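Asks: One structure, as structure tokens, below. Some questions next.
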Amino acid sequence: MARSLLSGNEAVARGAWEAGALVGVGYPGTPSTEVLEAFACMPGVYAEWAPNEKVALEVAAGSSLGGVRTLVTMKHVGLNVAADPLLTLSHTGVGAGLVLLVADDPGMHSSQNEQDSRNYAAFAKVPLLEPSDSAEALAHVRLAFDLSERFDLPVILRSTTRVAHSKGLVGTEDREERERVPYEKRPEKWVMMPGNARVRRLELDERIGRVREWAEGSGVHTEVPGGGPVGVVTSGVCYHHVREALPGAPVLKLSLTWPLPLAVVRDFAERVRRVAVVEEADDFLARGLRAAGIDVADVPLPAAGELTPRKVAAAFGATVVPARAALDDLPPRPPLMCPGCPHRGVFHALRRMRAVVTGDIGCYTLGALPPLAAMDTCVCMGASIGMAHGLSLAGEASRPVVAVIGDSTFAHSGVTGLMDLSYNRGNATVVVLDNRVTAMTGQQDNPLTGRTLMGESTVEVDVPALARALGIADVTRVDPFDLPATESALRAAVESPGPSVIVVKGECALLAREHAEPFGVDEELCTACAVCIRLGCPAISKESSGKAAIDAELCVGCAQCVQVCKYEAIVATGPACDVGELR
Amino acid sequence: MSVTTVVLAGVGGQGTILAGDVLAKVAAAAGLDVKLSEVHGMAQRGGSVDTVVRFGEEVFSPVTDAGGADHLVAFELIEAARRLPLLKPGGRLFVNPRTIEPLPVLIGELPPPEGLEAVLAGEGAVFIDADVLACQAGSPKSANIVLLGAVSTGLGFAEELWREVIAARVPSSTLQANLRAFALGREACMRGECA
Ligand code: SF4
Ligand code: SF4
């Protein structure tokens, strides 16, 4: 057995490969993204990005039906999108093993909510395993494939940010080569019309009953003996926080948290003085235990956000190390759109037009932050178009209504919204911010980029043609680095009645490798009007004199600032010096 | 407890993740249990990032808390000040005395913080001019490895082990510069600049 330092995500990919999985499919989303990227690099497998999580799970269902072990990956909010097939796939069951990796994000490091995916396991009636670190992530994904086949159910593997993006030592083994199970026609299993579904519904209870029996006797859970006033029931990464915060306390770590192995918990409860539960995101375990009549102590753990050893220790009244006080008055450091980002010009124009901008999920969400502050809403993938349509229905006429949506998000769930806008003859403008990549999650390809996860070139969705096919006549294209053209295209689109689409095509600054010469500010000409400052380019700063300055090391020469300066004070300069500002 | 915690704090793009990875691999190669934790996503767009590396006989939690870091290595002055509460009383503090102004300061909404160096010096900070040393080593991007060289002086791993892991982790075209950067960081400490 070899030992490697792997992230939880890499360990899941490795475990799926060791389990003989042949197909991997998912939609990128922090903190789940690297699972599929790592899986795609394994020898002898096929992997693809689907346009959204619902499609990903449906593709996975098909390849499982076709007899090959399949891994499907997404983040917690993606599971909402995939919930429709999931709730029926528990009824149909699987062909070869089907494992769904879902990464939750307690603390919302990069998400719009903190939902606890364990609730979906209970909702959909599918078993759920919770690894606590990289080594367990590998072991649990292998176990999940076995359980999936043994009980004819999809199995969810739920990780969280601190499992997905932590690295730990993992023992790896060889791949288990598996024969493909040939597909057989079985409509009573796969055609979920009411007559068949009612039968499968009863069989589902029977299958879950067998999972429960297995979970009670399997020895898959970990018990750490100890003493003290409470015995802690926990799962996932919280187990490690507990071990650190409460050394010596008896701990029961559950690996399978749905269906809840109640006999295992009762047995533990009888041997400790009092049971307490430590979990984050939701009180899923505590509710389950209490519903089963197990007395659970009230512990003042915070309900929101991530747990840490210190928070656990404090809640249990254990001593915490004294710490220095935080320094006041430190400026926050919000994330920013990169220097040379193509989205900057669009937001600059939208702000000048005083548009109400319904936004979406991606780098351009940062257009909501000052100084651009040109985005009004951000709810979920694809919401921008529907919300713009709704907003215009409400009769907001004093300001133009514009939806902004990225290329990947447009493919994910913008198309249906656009169809609605067109079919119902809504009066909103939709701006597709096509930066040629899924940038926020780290440069993945999507149906608009013309390349697959396996690195092959493929067809590129033609958005203007698609929009016309959906019935929208007013479709234009614009270069976001040409600010006057961008603004006039936007003004023309919002002034024309009916739905309109503008495709703004400009490469993400991280893709554009060749940088033009940086610009600088001519102090003589600069009047300190601060117009360029309001672009929010990280290369531009405001001197104490009020005049602008450009950091030649950061500037990529996109020339957007040059176009906003009325005094021609932004001029070409020489190459950057290497050393930043030093003491 | 025998677990050592190192926090690397900086700004997205400064190379904290690579530095953390090298440190974690050195600890693993030395036969220790190790965990490393980092946050991806929004933070990488020029936001604050910190990477936590913990090693010892048996490591439980991958994260740390206020007062939990034995060594705090800050790649930037404001981040050094922001993460100061993480440092254990008596812990070692390394600071690259460089400022990367956050957007609210760049656009003149908030004043630049003043007197941070004095505050940090009062907390026993060792200032390592990592950007200057990195340029001397031949690659301005190797400032992260300079800082690793500095903190390595108090971690007890053999120098050879560091060099092997760095060689395995950085592109061969920048290897010589990175090894020089590591040596310069170490020397800066050895010369007595590190307490
Ligand atoms: S990664 Fe690309 S799209 Fe995102 S902010 Fe940077 S340049 Fe813009
Ligand atoms: S040209 Fe202006 S807007 Fe573009 S990167 Fe340079 S400073 Fe920023």
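Asks: On the basis of being surrounded by 21 or more Cβ atoms within 10 Å (Cβ to Cβ), more than 16 Å from ligand 1 (Cβ to nearest atom) and away from chain B (no Cβ under 14 Å), does A:Ser488 make the cut?
Replies: no
Asks: In addition: Check whether at least one residue in the range A:329-337 is of a type in the set (A, V, I, L, M, F, W, C) and away from ligand 1 (no atom under 13 Å from the Cβ), and report yes or no.
Replies: yes
Asks: Give me a count of the residues in the range A:285-338 that are among the hydroxyl-bearing types (Ser, Thr, Tyr) and either within 27 Å of the chain's Cα centre (by Cα) or away from chain B (no Cβ under 13 Å) (or both).
Replies: 1
Asks: Here is a further query. Kindly provide the set of residues from the range B:104-118 that are touching a residue at least 24 places away in the same chain (Cβ under 8 Å) and at the interface with chain A (Cβ under 7 Å from one of its Cβ atoms), ordered by number.
Replies: Hits for the range B:104-118 are B:Pro113, B:Glu117.
Asks: Residues of the range B:24-43 being modelled with pLDDT of 95 or more, within 18 Å of B:Leu148 (Cα to Cα) and within 7 Å of chain A (Cβ to nearest Cβ), which ones?
Replies: Once the filter is applied, which keeps residues that are modelled with pLDDT of 95 or more, within 18 Å of B:Leu148 (Cα to Cα) and within 7 Å of chain A (Cβ to nearest Cβ), the range B:24-43 yields B:Ala24, B:Lys25, B:Ala28, B:Val34, B:Lys35, B:Leu36, B:Ser37.
Asks: Out of the residues in the range A:421-458 that are buried (at least 16 other Cβ atoms within 10 Å of the Cβ) and acidic (Asp, Glu), state the one that is farthest from A:Gly26 (Cα to Cα).
Replies: Across the range A:421-458, the extreme among qualifying residues is A:Asp434.
Asks: Taking A:His343 as the residue in question, decide whether it is within 13 Å of ligand 1 (Cβ to nearest atom), over 30 Å from B:Leu116 (Cβ atoms) and buried (at least 18 other Cβ atoms within 10 Å of the Cβ).
Replies: Here the answer is yes, as A:His343 does meet what is asked.
Asks: Another question about this same structure. Could you check, for the range A:460-471, whether at least one of its residues is surrounded by fewer than 21 Cβ atoms within 10 Å (Cβ to Cβ), on the phi < 0 side of the Ramachandran plot and in contact with a strand residue (DSSP E or B) (Cβ under 7 Å, 6 or more places away or on another chain)?
Replies: yes
Asks: For the range A:33-41, check the following and say yes or no: at least one residue is surrounded by fewer than 24 Cβ atoms within 10 Å (Cβ to Cβ), assigned to a loop (DSSP other than H, G, I, E, B) and of a type outside the set (Lys, Arg).
Replies: Scanning the range A:33-41, I find at least one residue that is surrounded by fewer than 24 Cβ atoms within 10 Å (Cβ to Cβ), assigned to a loop (DSSP other than H, G, I, E, B) and of a type outside the set (Lys, Arg), so the answer is yes.
Asks: Residues in the range A:455-472: is at least one within 29 Å of the chain's Cα centre (by Cα), within 14 Å of chain B (Cβ to nearest Cβ) and either of a type in the set (A, V, I, L, M) or within 16 Å of ligand 1 (Cβ to nearest atom) (or both)?
Replies: No, there is no match, as no residue in the range A:455-472 is within 29 Å of the chain's Cα centre (by Cα), within 14 Å of chain B (Cβ to nearest Cβ) and either of a type in the set (A, V, I, L, M) or within 16 Å of ligand 1 (Cβ to nearest atom) (or both).
Asks: State which residue is farthest from the other protein chains (Cβ to nearest Cβ) when the search covers only the range A:491-517 and only residues that are surrounded by fewer than 22 Cβ atoms within 10 Å (Cβ to Cβ) and away from ligand 1 (no atom under 16 Å from the Cβ).
Replies: Filtering the range A:491-517 for residues that are surrounded by fewer than 22 Cβ atoms within 10 Å (Cβ to Cβ) and away from ligand 1 (no atom under 16 Å from the Cβ), the one farthest from the other protein chains (Cβ to nearest Cβ) comes out as A:Pro497.
Asks: Right, something else. Kindly indicate whether any position in the range B:131-152 is within 11 Å of another protein chain (Cβ to nearest Cβ) and in contact with a strand residue (DSSP E or B) (Cβ under 8 Å, 6 or more places away or on another chain).
Replies: Yes: the range B:131-152 contains one or more residues that are within 11 Å of another protein chain (Cβ to nearest Cβ) and in contact with a strand residue (DSSP E or B) (Cβ under 8 Å, 6 or more places away or on another chain).
Asks: Applying the selection to the range A:512-530, what residues are within 12 Å of ligand 2 (Cβ to nearest atom) and either under 23 Å from A:Thr365 (Cα atoms) or of a type in the set (A, V, I, L, M) (or both)?
Replies: A:Ala512, A:Ala516, A:Val521 - these are the residues of the range A:512-530 that are within 12 Å of ligand 2 (Cβ to nearest atom) and either under 23 Å from A:Thr365 (Cα atoms) or of a type in the set (A, V, I, L, M) (or both).
This table checks each residue for (1) more than 16 Å from ligand 1 (Cβ to nearest atom); (2) farther than 26 Å from A:Arg354 by Cα.
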{"residue": "A:Ser413", "(1), (2)": "yes, yes"}
{"residue": "A:Asn424", "(1), (2)": "yes, no"}
{"residue": "A:Asn427", "(1), (2)": "yes, no"}
{"residue": "A:Gly442", "(1), (2)": "no, yes"}
{"residue": "A:Asn446", "(1), (2)": "no, yes"}
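Asks: Turning to a different aspect of this structure: For the range A:531-555: of the residues being under 17 Å from A:Leu366 (Cβ atoms) and assigned to a loop (DSSP other than H, G, I, E, B), which is modelled with the lowest pLDDT?
Replies: A:Leu554
Asks: For the range A:354-397, what are the residues that are touching a residue at least 60 places away in the same chain (Cβ under 8 Å), more than 14 Å from every other protein chain (Cβ to nearest Cβ) and either within 16 Å of ligand 2 (Cβ to nearest atom) or over 27 Å from A:Ala82 (Cβ atoms) (or both)?
Replies: A:Ala355
Asks: Does the range B:44-52 include one or more residues that are under 12 Å from the mean Cα position of the chain (by Cα), more than 27 Å from A:Ser110 (Cα to Cα), within 10 Å of chain A (Cβ to nearest Cβ) and at pLDDT 95 or above?
Replies: No, there is no match, as no residue in the range B:44-52 is under 12 Å from the mean Cα position of the chain (by Cα), more than 27 Å from A:Ser110 (Cα to Cα), within 10 Å of chain A (Cβ to nearest Cβ) and at pLDDT 95 or above.
Asks: Among the residues of the range B:130-165, write down those that are assigned to a loop (DSSP other than H, G, I, E, B), in contact (Cβ under 8 Å) with a residue 40 or more places away in the chain and within 18 Å of the chain's Cα centre (by Cα).
Replies: B:Ser139, B:Thr153, B:Gly154, B:Leu155, B:Phe157
Asks: When you go through A:Val220, A:Val211 one by one, which is the residue that is part of a loop (DSSP other than H, G, I, E, B) and either farther than 20 Å from B:Glu58 by Cβ or modelled with pLDDT under 95 (or both)?
Replies: Within the list A:Val220, A:Val211, the selection yields A:Val220.
The values are calculated or read from the model by the stated rules, or taken from the named source; none is laboratory data. Keep in mind that what you see is a predicted model, and the values were worked out from it rather than measured. Because the Cβ atoms are built from the backbone with ideal geometry, glycine has one as well, and the counts that use them run over all protein chains shown.
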